[in-house]
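Read the structure below first, then the notes.
Readers should treat all values here as calculations from the given coordinates under stated rules, not as data from a laboratory. Just so we're clear, the structure is a prediction, and the values are computed from it rather than from any experiment. Glycine also receives a Cβ, built like all others from the backbone with ideal geometry; neighbour counts cover every protein chain displayed.
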Amino acid sequence: MRATVTKLELNHDGFSALMSSSAAQEMVKDAAQRVASKAGNGFKTGTVRQMGFGRGRVGCTVYAATKAAREAESNNKALSRAVGGGI
């Protein structure tokens, strides 16, 4: 029996529009806020914006805004663990 070959043609413009839509921006913002909250006090989110890669898809940063938060990341990897990359 022979395998069937299927050709997939992507709609790049549609995908780009979807990845930069207001719904995508809200999802990214919510995800960043969950990470900041899970990391603990002193972690903040940046502005949702178009990233410099990925055909205009949106992204958001989470950063340590206080000395205590920077120390929590340095000593305990609080932000790294909140993202899921913790040891």
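In nm, to one decimal, how far is the residue 8 label point from the residue 33 one, both placed 7 Å along Cα→Cβ?
Between residue 8 and residue 33, the label points sit 3.3 nm apart.
Anyone know which of 59, 40, 14 comes out most mobile in the 10 Å Cα GNM of the chain?
Between 59, 40, 14, it is 14 that shows the largest mean-square fluctuation.
Helix 67-76 sits at what angle to the longest principal axis of the chain, using alpha carbons and giving 0 to 90 degrees rounded to 10?
Rounded to the nearest ten degrees, it is 70.
Given the Cα-Cα distance of residue 67 and residue 41 and 0.36 nm per residue of separation, how much length would full extension add, in nm?
8.3 nm
Loop only by DSSP, 16 or fewer other Cβ within 10 Å of the Cβ. Give me the chymotrypsin sites (Phe, Trp or Tyr not before Pro) in segment 1-73 that pass, ordered by residue number.
53
Taking Rh as the Kirkwood radius computed over C-alpha pairs, what is the Stokes-Einstein D of the chain at 25 °C in a medium of viscosity 0.890 mPa s, expressed in µm² per second?
Answer, rounded: 163 µm²/s.
When we measure straight from the Cα of residue 77, which lysines land under 27 angstrom away, once same-chain ones fewer than 8 places off are left out?
Qualifying lysines at Cα under 27 Å: 29, 38, 44, 67.
Quickly estimate the mean residue ellipticity at 222 nm for the chain, helices only: each DSSP H run with n ≥ 4 gives -39500 (n - 2.57), and the total goes over all residues, rounded to 500.
That comes out to -14500 deg cm²/dmol.
The chain: longest stretch without exposed trypsin sites (Lys or Arg not before Pro) (DSSP loop, at most 13 other Cβ within 10 Å), sites themselves excluded?
Longest stretch, sites excluded: 8-54.
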